[in-house]
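As structure tokens, the structure follows; a few thoughts come after it.
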Amino acid sequence: MSRTPEFLPLSDDAVVAVTGPSGRHAALIEDAFKVLLETPGGGVKITGDVKGRSAAKRALLALAERADAGHEVVEADIRVAVGEAHSAGGQASPRAVRRGAVSPKTKNQAAYMEQMARHPLVFGLGPAGTGKTFLAVAQGAGMLLRGEVDRLIVTRPAVEAGEKLGFLPGDLNEKVDPYMAPVWEALTDIMGAEQLRRRRDKGEIEVAPIAFMRGRTLAHAFVIVDEAQNCSRLQMKMVLTRLGEGARMVVTGDPTQIDLLNPRDSGLAHAVSILDGVEGVAVARFTSTDVVRHPLVERIVKAYDADAALVATPR
């Protein structure tokens, strides 16, 4: 490795962020670009070959921008910045487009949030851990808090347990809540438990299974259809046509994770195939590079994608 050094001036906050706890962030960047990072004060000294220094500098600048904007820099941000910097000519910046206290961490996430702001109907497709549901919840909660919609409605098919909701104990919320745990966790993170409880008690936040959407007109509401790959074609058509005046809808799902007895009956891929390009409709597609959970999740998704590609390849 060439020992040519380059000094990158950074703020103290940025230096702390890119170094990370016990130097963990710096070690990830060094390993990714085959460089050496040192912090002599006032910035970071990068030692390595020209290509490595250039890529590391892009990643460091993107992370510094995030830190200087007051955002926390965590390991997921490091991995995102590294991935962006590795892409051909790509910029490494997970630029913060803030929606309340939530900001996207990848280009695809930023585009997704822009689509939700501009289009009445948005489909978010991709693997687990890419932020499809969390960012949709953040967008809907933000619009509710700003008074741009009257209600936030979350619905999803209750397929996994293999039970009919009518036979489960409790009222409607108690029946549906086990299926909605990821949504409630996201809402709690975004709004806080107390405000969430108040708004839920007032009926401003509602959860309901897909079956309870039939016959309703959802006006002045932000509607999230989660786990939509488990909606049948008839259910998908039904819920999409519930949109009323001043309403917006985000439909999220992973077409590779269908739990229906007949996967070919899934309405998500079918709806996207016939609605992509229709005025007012946007489609956001995420890949394994958008995964912002544990680093192992990205590797798991890539392994499954590779296996699927092998199965699909004629022998």
(request) Scan segment 101-138 for residues that are touching a Gly at 6+ places or on another chain (Cβ under 9 Å) and part of a helix (DSSP H, G or I) and jot them down. (result) Lys107, Asn108, Gln109, Tyr112, Gln115, Met116, Lys132, Thr133, Leu135, Ala136, Ala138
(message) Being free of Cβ contacts under 8 Å to residues at least 24 places away in the same chain and crowded, with 18+ Cβ neighbours inside 10 Å is the filter here; which residues of segment 71-80 pass it?
(response) none
(message) If the requirement is being within 25 Å of Gln115 (Cα to Cα), out of contact with any Cys (no Cβ under 9 Å at 6 or more places or on another chain) and modelled with pLDDT under 95, which of these qualifies: Asp201, Asp254, Asp307?
(response) Asp254
(request) Determine if segment 4-27 includes at least one residue that is open to solvent by less than 20 Å² (accessible area, probe 1.4 Å), of a type outside the set (D, E, K, R) and within 22 Å of Ser288 (Cα to Cα). (result) yes
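Going by what's in this entry, would Ala81 be described as part of a helix (DSSP H, G or I), at pLDDT below 90 and small (Gly, Ala, Ser)?
Values: part of a helix (DSSP H, G or I): yes; at pLDDT below 90: yes; small (Gly, Ala, Ser): yes.
Yes; evaluated as a whole, the condition is true for this residue.
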(request) Could you tell me which residue of segment 149-167 is most open to solvent (accessible area, probe 1.4 Å), considering only residues that are in a loop (DSSP other than H, G, I, E, B) and at pLDDT 90 or above? (result) Asp150
(request) Among the candidates Ala32, Ala26, single out the residue that is modelled with pLDDT under 90 and not in a loop (DSSP other than H, G, I, E, B). (result) Ala32
(message) Checking the condition modelled with pLDDT under 85 and more than 23 Å from the chain's Cα centre (by Cα), which residue from Gly192, Gly244, Gly170 passes?
(response) Gly170
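The values are calculated or read from the model by the stated rules, or taken from the named source; none is laboratory data. Keep in mind that this is a model prediction, so the values were computed, not measured. Counting neighbours? That spans all protein chains shown, and the Cβs are built from the backbone with ideal geometry, glycine included. For accessibility, only protein heavy atoms count, side chains too; no ligands or nucleic acids. Shrake-Rupley method; radii C 1.70, N 1.55, O 1.52, S 1.80 Å.
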